[in-house]
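Have a look at the structure below before the remarks.
The values are calculated or read from the model by the stated rules, or taken from the named source; none is laboratory data. The model shown is predicted, which means the values in this text are computed figures rather than measured ones. Here Cβ is always computed from backbone atoms with ideal geometry, including for glycine, and neighbour counts include all displayed protein chains. When the accessible area is computed, the model is the full protein with side chains, heavy atoms only, and any ligands, DNA or RNA have been set aside. Shrake-Rupley method; radii C 1.70, N 1.55, O 1.52, S 1.80 Å.
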Amino acid sequence: GGPVPTPDGSISIAVAIPHGRDSVSATHFLNQSPITHQEYKHPTTGQRVVVWQEPFRIIGEEYARGRNDLMRMIINSEAEINWTFDYVFWMDDDTLPPQDVIPRLLAANTRIASGLYFQRKAPYMPVAYRATDDPLYPNRYWVIADYPDNALMEVDAAGFGCMLIDMEVFRKLPQPWFRWEDNPDIKDYQ
């Protein structure tokens, strides 16, 4: 029993959009979003890729709680529609990705792929980080300020403003999937 893969073997993607307390008008961005109601071909396998018609949304004061609630909504909806999602595409409510963002993230051929985007306040640094190997600064992350244009690169941490994650990652992890840790060191620049 339980949900099964899509009947025609296509890849299905849920869209998750958490709305924070400092949200800009999410309706504005959703109405402009090129990712809803779209079908694509997987860039390497050629399989049909279907983006679920309605984004899963939640408004919350705290992103970790909201993201956990969104994941529960997505998993619970699988029982209602009687098939499983293959991926979840996370998009912040103030992010407007390019129209081909999903095929580009799928082309990375990895369980987790993030689009490069930037902080919304000066100095507008990328929301992508590398862990430092300096023993004097354990658990410190440096912003990746030097990155190649239109190329894949491995990172140690990235924001969820534009991220595609294989649902198997969530199926294998215990809940809660997200928790908030205040880490002032993550703002350091390299």
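Entry remark, the stretch 7-37: residues being in a loop (DSSP other than H, G, I, E, B) and either surrounded by fewer than 18 Cβ atoms within 10 Å (Cβ to Cβ) or modelled with pLDDT of 80 or more (or both) number 13 in total.
Residues in the stretch 86-125 that are among the basic types (Lys, Arg) and under 15 Å from the mean Cα position of the chain (by Cα) were compared, and the one that is modelled with the highest pLDDT is ARG111. Look at TYR40 and say whether it is at positive phi and either surrounded by 16 or more Cβ atoms within 10 Å (Cβ to Cβ) or touching a Phe, Trp or Tyr at 6+ places or on another chain (Cβ under 7 Å) (or both). So TYR40 fails the test.
Residues of the stretch 53-78 that are modelled with pLDDT of 85 or more and open to solvent by 60 Å² or more (accessible area, probe 1.4 Å): ARG72, MET73, ASN76.
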